[in-house]
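Readers should treat all values here as calculations from the given coordinates under stated rules, not as data from a laboratory. Since the model is a prediction, treat every value here as computed from it, not as a measurement. Glycine gets a Cβ as well: all are built from the backbone with ideal geometry, and neighbour counts include every protein chain shown.
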Amino acid sequence: MSCWFCSVREAEDDHALKIEMYGDIDTRRSPSQTQVAYNVRHIDVPRCADCHSRHQIVSLATIVAAALTVILIAAVLCAVFEWVSPWIWAIAAGLSFGLVLGMLAVRFVAHKSIFSVRQAKANFPEIRGLLEKNYRFGRQPKGSPPESSQPNDVSNENQPPAP
């Protein structure tokens, strides 16, 4: 099987992109508890070692760029409020701005001629089919359970509805 991201090299099982999705959520309420049922699907997107390492480089470059952006914002705040000497914030702003541009260039070069993880989550055929069936990314639903279309209130089955 070939790598889905580059379509050039042979995919390796150790480097596959593993994604979990959940769907078909149903809740049933009883007087003492709420039961939530859902299906979890495990999807492996075939990926070669080269694409795996390039995706890791992109992730690292994104984290470094985010940290440098925080430093750039801090340097601009220091300049606006005159907290430190102008040469200190100017050096920090210049370095962080240049390095942010460098990290963005690294991301661009690493993604050249391969699909990104984000594109895999949107375009891989099995994932796209599950998204059309209202599946979501993750292992379990977050937050409160959705309302059931068929409430299962055992204690009120034989009682007339309240006025």
Which lysines, on any chain, are close to Lys121 with Cα under 16 Å apart, when same-chain ones fewer than 8 places away are left out?
Lys18, Lys133
Say R0 is 41 Å: what FRET efficiency, to the nearest 0.05, do Lys18 and Ile91 get from their beta-carbon distance?
0.45
Quick calc, Asp44 & Ala105: beta-carbon distance into FRET formula, R0 35 Å, rounding 0.05, result 0.70
On average, how much area does the Cα convex hull of the chain cover when viewed from any direction, in nm²?
17.2 nm²
Grab the beta carbon distance between Glu10 and Arg139, set R0 = 30 Å, and tell me the FRET efficiency rounded to 0.05.
0.50
